[in-house]
Amino acid sequence: MISHLADEIVRRLEAGVRDRGHASLVVSGGTTPGALFDALCRRDAPWDKVWITLSDERWIPPGEDGSNEKLVRTRLLRAKAARARFIAMKTQDAKPEDAEAAVDAAISGIPRPFDVTLLGMGDDGHTASLYPHAPELKAALDVEAPALVHAVHARNAAATGDRMTLTLRAILESQWIAILIQGEAKLKTYRDAENGADVTQMPVRTVLARSRPPVEVFWAP
């Protein structure tokens, strides 16, 4: 699965550079994509013409464990992929809501539509930091709103912390979306998401229900 997905991402980045002179890649954090990053960073690709950013970020210093930026810098932005241009989501602001304008402006500078958007999915049905029943969920899912990012305070903030996330509008401004999951529990969550419609209960449904842009799910035990 990892090898196939890495090959497909590289193919799409190469096509973007060939067609437009640049390409953009959105990646998720957490524990699942680490092995994919290890594979990607060693692939031949026009990395010096690739922009990389995150689907979401924990509001913690980027050097701390749990930071998605730290994961990307230590496992993706190395070897051949070290030449890529990375746009971080975390700023020096104390709260993510104070940084929305600055992060929105930074994301706006990345060529869109994104060539590849790589998402994960939590056991609770969240994707990026679009958490079930979060106070900001409705605004972050509003595809008519112009915002590309939104601060999020999950209901279980003590466990997940404050976050910055791409909005649904930004996520859907993609040529192709891949959702990477692993394990039987995630497969069950995916099946539950496929078979329901309540997006406040499982926000990943807002992505899975789309046929444009194309969405593919990659799973392994």
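The values are calculated or read from the model by the stated rules, or taken from the named source; none is laboratory data. Computed from a predicted structure; not experimentally measured. No Cβ is skipped: glycine too gets one built from the backbone with ideal geometry, and neighbour counts run over all protein chains shown. Surface accessibility is based on the protein's heavy atoms, side chains included, excluding ligands, DNA and RNA. Shrake-Rupley method; radii C 1.70, N 1.55, O 1.52, S 1.80 Å.
Going by the conditions given, is Leu118 under 24 Å from Ile2 (Cβ atoms), touching a helix residue (DSSP H, G or I) at 6+ places or on another chain (Cβ under 7 Å), of a type outside the set (Val, Ile, Thr) and in contact (Cβ under 8 Å) with a residue 40 or more places away in the chain?
Details: under 24 Å from Ile2 (Cβ atoms): yes; touching a helix residue (DSSP H, G or I) at 6+ places or on another chain (Cβ under 7 Å): no; of a type outside the set (Val, Ile, Thr): yes; in contact (Cβ under 8 Å) with a residue 40 or more places away in the chain: yes.
So Leu118 fails the test.
Can you report the number of residues in the stretch 162-212 which are without any contact (Cβ under 8 Å) to a residue 60 or more places away in the chain, of a type in the set (D, E, K, R) and under 22 Å from Glu97 (Cα atoms)? Before you say what the answer is, go through the steps one by one.
We begin by selecting, within the stretch 162-212, every residue without any contact (Cβ under 8 Å) to a residue 60 or more places away in the chain; these are 167-169, 172, 183-184, 187-188, 191, 194-199, 208-212.
Now narrow it down to the ones that are of a type in the set (D, E, K, R): 169, 184, 188, 191, 194, 198, 210, 212.
Narrowing further to those that are under 22 Å from Glu97 (Cα atoms): 169.
Matching residues across the stretch 162-212 total 1.
Would you mention how many residues in the stretch 1-30 are touching a Phe, Trp or Tyr at 6+ places or on another chain (Cβ under 7 Å), assigned to a helix (DSSP H, G or I) and open to solvent by less than 50 Å² (accessible area, probe 1.4 Å)?
Here the count works out to 1.
Counting residues that are open to solvent by 30 Å² or more (accessible area, probe 1.4 Å) and within 25 Å of Leu168 (Cα to Cα), which strands (runs of 3 or more DSSP E) fully inside the stretch 31-104 reach at least 2?
Values: elements: 50-54, 56-58, 85-87.
Where strands (runs of 3 or more DSSP E) fall fully within the stretch 31-104 and carry at least 2 residues being open to solvent by 30 Å² or more (accessible area, probe 1.4 Å) and within 25 Å of Leu168 (Cα to Cα), they are 85-87.
Which of (1) touching a Lys or Arg at 6+ places or on another chain (Cβ under 9 Å); (2) at pLDDT 95 or above; (3) open to solvent by 50 Å² or more (accessible area, probe 1.4 Å) does Ile110 not meet, given it meets every other one?
(3)
All but one of (1) exposed (fewer than 15 other Cβ atoms within 10 Å of the Cβ); (2) assigned to a loop (DSSP other than H, G, I, E, B) hold for Arg210; state the number of the condition that does not hold.
(1)
Have a look at Ser28, Ser24 and point out the one that is modelled with pLDDT of 95 or more, under 15 Å from Arg163 (Cβ atoms) and of a type in the set (Ser, Thr, Tyr). Spell out the reasoning first.
Values: Ser24 fails: under 15 Å from Arg163 (Cβ atoms).
The match here is Ser28.
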